[in-house]
Amino acid sequence: MNPEQREQAEREQARRTLPPAGYPEPAPGRTEARRRHLLSEIDRQTQARPRPALRPRRRMVLVLGAAMAAGATVVVLSLGSGSTGGSHDAPLASAASVQVLERAALAANAMSPMKVVAGQYVYVKTVGHTSVLSENKDGQMELLRQNEAMEQWTSVDGSELTLQRKAGKDSLLPEAPGTLNSPTYNFLAALPTDPEALLKQIRGDAERNHGTGSGSTTGPDHEAFVTIGDLLRSGVTPPATAAALYRAAALIPGVDVAPDAVDAAGRRGIAVARVHDGERTEWIFDTSTSRLLGERTVLVKDNAWGEAGDAVTSVALVDSGVVAEAGQRP
């Protein structure tokens, strides 16, 4: 199958999975123009940087049995190996994924911006789980599923620390909000709304922390994909910023679709996904509204964390809004 036939097949796959769009389809040539730009960037970056060496990568969480009984000391476990995942390691985003992301962008742009004032908080409620490897008292490794349901209140302007509630217990997150890792509404509103400029900023941060010489095996492309997903799940995102984030993701190499995905709340949808070192990160969208439902990480091959097809982490967005005080609900 030549590239033109593959692209046509991907588009047909997306059309079969998604219902008729409630928003205008992407303008003719828009996807191809973005791909041509990305190809030129790949050529430039490939010539500028040497191919990175293989390094061991980080995996979920390992909890040693004795330490767990004494207070759940957590140790990061290094297993396997993987490349830093530069743009030259992956094909361009598939036509089907670009179509899903463009429809999500159009849906986001159709939303009316919220009226937000200083002193307010963005509220978000999520349900989900993560996976933990624990050594039991017999010295055997046991895979546990850890509940990650939570509510969170983030100051819109970053003037206060973020309040997080898990299992009925409140805590203040130590990191000051207002960064890519801890975004506020005002921070998101100030990001570039041009997709290429936005990806350049996000990928630049990923390059510094996950590029060659960083010791990270995630790689800047995959880290950029993960970062965009985190920003979109932060609660309430300004419509223009959300649209730009979706379109920036369409410029990342290796992005594809998973036609049938289920979020942590049991809702089915279509996923935009990217595979890295045996794991597939999925953003799950409602097929009718193109609204982001949640995110999960699925194994694509058997390993210590489970069998291929297992969702080792999963989070679903179930409520969000803007409130006057931390602790309030919309």
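Assorted remarks:
- Residue match in segment 273-289 (condition: in contact with a helix residue (DSSP H, G or I) (Cβ under 6 Å, 6 or more places away or on another chain), of a type in the set (A, V, I, L, M) and open to solvent by less than 20 Å² (accessible area, probe 1.4 Å)): no
- All positions within segment 154-165 that are out of contact with any Asp or Glu (no Cβ under 8 Å at 6 or more places or on another chain) and not in a loop (DSSP other than H, G, I, E, B): T154, S155
- Taken over segment 149-182, the criterion of being in contact with a Pro (Cβ under 7 Å, 6 or more places away or on another chain) and either in contact (Cβ under 8 Å) with a residue 24 or more places away in the chain or basic (K, R) (or both) is satisfied by T154, S155, G158.
- Put simply, of A261, A243 the only residue that is in contact (Cβ under 8 Å) with a residue 40 or more places away in the chain and on the phi < 0 side of the Ramachandran plot is A243.
Results for (1) within 17 Å of the chain's Cα centre (by Cα); (2) in a loop (DSSP other than H, G, I, E, B), shown as yes or no for each residue.
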{"residue": "D170", "(1), (2)": "no, no"}
{"residue": "P177", "(1), (2)": "no, yes"}
{"residue": "P183", "(1), (2)": "yes, yes"}
{"residue": "N186", "(1), (2)": "no, no"}
{"residue": "A189", "(1), (2)": "no, no"}
{"residue": "P192", "(1), (2)": "no, yes"}
{"residue": "L199", "(1), (2)": "yes, no"}
{"residue": "R208", "(1), (2)": "no, no"}
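- The listed residues are A248, A244, A264, A271, and the only one of them that is under 15 Å from the mean Cα position of the chain (by Cα), in a loop (DSSP other than H, G, I, E, B) and of a type outside the set (V, I, T) turns out to be A264.
- Any hit, segment 153-165, residues being surrounded by fewer than 16 Cβ atoms within 10 Å (Cβ to Cβ), at pLDDT below 95 and either within 29 Å of A105 (Cα to Cα) or not basic (K, R) (or both): no
- Residues that are over 20 Å from M141 (Cβ atoms), in a strand (DSSP E or B) and in contact with a Phe, Trp or Tyr (Cβ under 7 Å, 6 or more places away or on another chain) were ranked within segment 290-320; the one that is least open to solvent (accessible area, probe 1.4 Å) is L293.
Each row is one residue, and each column tells you yes or no for (1) open to solvent by 50 Å² or more (accessible area, probe 1.4 Å); (2) in contact with a helix residue (DSSP H, G or I) (Cβ under 7 Å, 6 or more places away or on another chain); (3) of a type outside the set (D, E, K, R); (4) closer than 27 Å to A149 by Cα.
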site	(1), (2), (3), (4)
G168	yes, no, yes, yes
S171	yes, no, yes, yes
E175	yes, no, no, yes
P183	no, yes, yes, yes
L191	no, yes, yes, no
A197	no, no, yes, no
K200	yes, no, no, no
D205	no, no, no, no
P220	no, yes, yes, no
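- Residue selected from segment 117-148 under the condition free of Cβ contacts under 8 Å to residues at least 24 places away in the same chain and in a loop (DSSP other than H, G, I, E, B), by the criterion surrounded by the fewest Cβ atoms within 10 Å (Cβ to Cβ): D138
- Conditions (1) closer than 22 Å to L188 by Cβ; (2) surrounded by fewer than 24 Cβ atoms within 10 Å (Cβ to Cβ); (3) in contact (Cβ under 8 Å) with a residue 60 or more places away in the chain; number of the one not met by V255: (2)
- Contacts under 8 angstrom Cβ, first residue in segment 184-213 being over 19 Å from P253 (Cβ atoms) and at pLDDT 95 or above, partner among the hydroxyl-bearing types (S, T, Y) and open to solvent by 70 Å² or more (accessible area, probe 1.4 Å), 6 or more apart: none
The values are calculated or read from the model by the stated rules, or taken from the named source; none is laboratory data. In this text, all values refer to a predicted model and were calculated from it rather than measured experimentally. Quick reminder, even Gly has a Cβ in these numbers, built from the backbone with ideal geometry, and neighbours come from all protein chains shown. Note: accessible area is taken over every heavy atom of the protein model, side chains too, but ligands, DNA and RNA are not part of it. Shrake-Rupley method; radii C 1.70, N 1.55, O 1.52, S 1.80 Å.
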